[in-house]
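First the structure, in the form of structure tokens, and then the observations on it.
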Amino acid sequence: MANRIPRVAVREQDPKVRATNFEEVCYGYNRDEAMLEASRCLHCKNPRCVNACPVNIQIPEFIAKVNEGDIEGAAAIIAADSSLPAVCGRVCPQETQCEGSCVLGVKGEPVAIGKLERFVADYMHLGDAAGSEAPVSASERPAIPLEGVQGMEKHDNAPANGVKVAVVGSGPAGLACASDLAKWGYDVTIFEALHKAGGVLEYGIPEFRLPKDKVLKHEIEEVKRLGVKIETDVIIGKTVTIDSLMDEEGFKAVFIGSGAGLPKFMNIPGENLCGVFSANEFLTRNNLMKAWREDYLTPIHAGKKVCVVGGGNVAMDAARTALRLGAEVHIIYRRTEAELPARKEEVHHAIEEGIIFDMLTNPVEVIGDEKGWVKSLKCIRMELGEPDESGRRSPVPVEGSEFEIETETVIMALGTSPNPMISRSTAGLETNRRGCLVADEKGATTRPGVFAGGDAVTGAATVILAMGAGRTAAKAIDDYIKAQS
Ligand code: FAD
């Protein structure tokens, strides 16, 4: 019986070793492990996993192909719905999506759908080295064919139609939207503010969860192979505006996938001291500017002790990065472990690596020394009261319970909102009270010809939702342009 086989465990780096390096934590499945795990799928008549996937990947079908050893076939099935499978296989919150709905999970362990997706994507460009414990150097990797089957799928673009579409931002929303439009023959240019493409995948999520050269670079190359042009170092709203792209440069439509990169702070005294970072800045300095690498001239000083305020994925990433830079790291969170919004796997990895969790604790002041550098964080103990509008019990301060934690660095990981630069510089583009662009379910904004999706519309969310929104908007752009001609 297929469901008697226990879930195939995935191999990971030893926590003590990985706490000192930036190599990927999880090795992933090799071919034999993937085929064994694939054999556990029950191929339900009404597969709940497909409905629970925001882009409705045909999960049982691709798993059946893996089970048969037809990895190319599995890749083609995934490619019909996802343009970033190696990324999503690594970072999607599967436990609340596909795996959370797997029937096997009711009494036991769900099929490892995410790890299987990752294996398929890795196999298509690493071959039998997928799932290997030894890092594969660039020179050892099989060359990616330039024509025919290119990694994930055959690129049979429709003939070029000469219609120009601009995409703002090269995160998952922008990449997915651009890929679909290029496949349908559009002349697509992505404008990216930073010097590298990828959005949060490049500058936010750390190397040890999402390797940049091994995984992300390859998926971005795939988008370029479709004919998408990527212009980096172009800030829409400063270097050039959406109005001028449409009125002077001949772009017939624009997709805004500019994300939610504006960090929130607590507005407590001392937040402007040296040594206080937003998680975005701290992670960008590490990932994009490679602060952790000795061969880069852009180091970062984390100090001996670091406090990270917050409990989401971003807080876990910042904490685990600071740990790898050699610090003792405390997560300061005002609720309990049960309410932590981060993915379970990330919390588990953080605990294994030695991150200290200070629960029911909230900062009230950052205290500095005479030179303006952080020396401690004043906190107050909290207790849980009545549930708030989100259904979670609200944290309430315990009067008189203030105490200080000595620390050299404080990292605020309290969420982000969209940067207002684009909405302020574009006529007719409405935002809601959270600063997010207003768009309908197809991605149409309040400005004709301008579409939007991903975190810029929803606020900080997930990679797969951003990707799905990019693809939905691509369809709406295609319909809009066809209706104009
Ligand atoms: P982004 O990825 O933010 O990309 C937007 C791009 O637009 C950026 O490259 C930005 O530079 C560019 N841009 C912005 N303004 C302009 C402008 N004016 N002109 C030109 N370019 C511009 N999600 C998960 O599913 N799983 C996870 O494990 C996970 N971990 C995360 C960890 C961190 C540290 C962070 C910050 C987020 C994480 N997320 C995770 C959330 C996920 O990464 C985002 O929801 C997703 O990247 C949003 O995609 P996007 O394309 O909308 O925006």
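The values are calculated or read from the model by the stated rules, or taken from the named source; none is laboratory data. Model, not experiment: these values are computed from the prediction. FYI the Cβ positions are ideal-geometry reconstructions off the backbone, even for glycines, and counts take in every protein chain you see. With ligands, DNA and RNA removed, areas are computed over all heavy atoms of the protein, side chains included. Shrake-Rupley method; radii C 1.70, N 1.55, O 1.52, S 1.80 Å.
Numerical summary
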| read-out | value |
| --- | --- |
| Any hit, segment 392-401, residues being out of contact with any helix residue (DSSP H, G or I) (no Cβ under 6 Å at 6 or more places or on another chain) and open to solvent by less than 20 Å² (accessible area, probe 1.4 Å) | no |
| Some residue of segment 306-318 being polar (S, T, N, Q) and more than 15 Å from residue 91 (Cβ to Cβ) | no |
| Yes/no for residue 326 being surrounded by fewer than 17 Cβ atoms within 10 Å (Cβ to Cβ) and small (Gly, Ala, Ser) | yes |
| Odd one out for residue 303, checked against (1) small (Gly, Ala, Ser); (2) crowded, with 24+ Cβ neighbours inside 10 Å; (3) away from the ligand (no atom under 16 Å from the Cβ) | (2) |
| Filter result for residue 222 (charged (D, E, K, R), assigned by TED's automatic domain parsing to the domain that holds residue 199, over 15 Å from residue 171 (Cα atoms) and more than 13 Å from the ligand (Cβ to nearest atom)) | no |
| All positions within segment 429-445 that are in contact with a strand residue (DSSP E or B) (Cβ under 8 Å, 6 or more places away or on another chain), over 22 Å from residue 53 (Cα atoms) and not hydrophobic (A, V, I, L, M, F, W, C) | 430, 431, 434, 435, 445 |
| Matching residues, segment 238-266, being in a helix (DSSP H, G or I) and within 10 Å of the ligand (Cβ to nearest atom) | 242 |
| Restricting segment 212-237 to residues that are assigned to a loop (DSSP other than H, G, I, E, B) and modelled with pLDDT of 95 or more, the residue that is surrounded by the fewest Cβ atoms within 10 Å (Cβ to Cβ) | 233 |
| Test set (1) away from the ligand (no atom under 15 Å from the Cβ); (2) open to solvent by 70 Å² or more (accessible area, probe 1.4 Å); (3) within 29 Å of residue 207 (Cα to Cα) - residue 358 fails condition number | (2) |
| Search result, residues across segment 273-291 that are assigned to a helix (DSSP H, G or I) and more than 10 Å from the ligand (Cβ to nearest atom) | 281, 285, 286 |
| Selected residue (criterion: nearest to the ligand (Cβ to nearest atom)) from residues of segment 192-211 that are under 13 Å from the mean Cα position of the chain (by Cα) and open to solvent by 20 Å² or more (accessible area, probe 1.4 Å) | 200 |
| Segment 447-471, subset away from the ligand (no atom under 13 Å from the Cβ) and out of contact with any strand residue (DSSP E or B) (no Cβ under 6 Å at 6 or more places or on another chain), residue most open to solvent (accessible area, probe 1.4 Å) | 448 |
| The lone exception for residue 349 - which of (1) under 26 Å from the mean Cα position of the chain (by Cα); (2) of a type outside the set (D, E, K, R); (3) open to solvent by 50 Å² or more (accessible area, probe 1.4 Å) it fails | (3) |
